[in-house]
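The values are calculated or read from the model by the stated rules, or taken from the named source; none is laboratory data. In this text, all values refer to a predicted model and were calculated from it rather than measured experimentally. Here the Cβ is made from the backbone with ideal geometry for all residues, glycine too, and neighbour counts use every protein chain on show.
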Amino acid sequence: MTILPSVASIMLMQERLRTRREAMGLSARELGRRSGVAETHVSLIERGTIVEPRTATVKALAEALECEPAWLMFDAGDPPEPPVAT
């Protein structure tokens, strides 16, 4: 069975989004507030209901999560630094 690279990347993006959000101690609501992306939209991406978020959405989420959009979408480039405990 062949999996298309874009589908595999999107599935991994869901995991990276949730893992990074939780590592930063953010709820979906707080990530939404910081990024300007609706909480329901964040949840839909994390659950895989939205499989191809818009570029602007990915950029906003990446900025709020302090990571590069390419890392968030495709696991490309440098991974983000671990969040600093405050």
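Tabulated data
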{"read-out": "Failed criterion for PRO80 (all others in (1) touching an Asp or Glu at 6+ places or on another chain (Cβ under 7 Å); (2) at pLDDT 95 or above hold)", "value": "(2)"}
{"read-out": "Tally of residues being under 11 Å from the mean Cα position of the chain (by Cα) and of a type in the set (Val, Ile, Thr) across region 38-51", "value": "2"}
{"read-out": "In region 47-58, residue modelled with the lowest pLDDT [restricted to those that are of a type in the set (D, E, K, R) and either farther than 24 Å from PRO83 by Cα or surrounded by 17 or more Cβ atoms within 10 Å (Cβ to Cβ) (or both)]", "value": "GLU52"}
{"read-out": "Check on ARG34, at pLDDT 95 or above, part of a helix (DSSP H, G or I) and within 15 Å of GLU63 (Cα to Cα)", "value": "yes"}
{"read-out": "Unique residue being modelled with pLDDT of 95 or more and part of a loop (DSSP other than H, G, I, E, B) when the list is LEU17, LEU26", "value": "LEU26"}
{"read-out": "Residues satisfying the stated conditions in region 41-86, i.e. in a loop (DSSP other than H, G, I, E, B), of a type in the set (A, V, I, L, M, F, W, C) and closer than 23 Å to ARG29 by Cβ", "value": "ILE50, VAL51, LEU65, CYS67, VAL84, ALA85"}
{"read-out": "Test: residue in region 22-42 that is under 18 Å from LEU12 (Cα atoms), in contact with a helix residue (DSSP H, G or I) (Cβ under 6 Å, 6 or more places away or on another chain) and not hydrophobic (A, V, I, L, M, F, W, C)", "value": "no"}
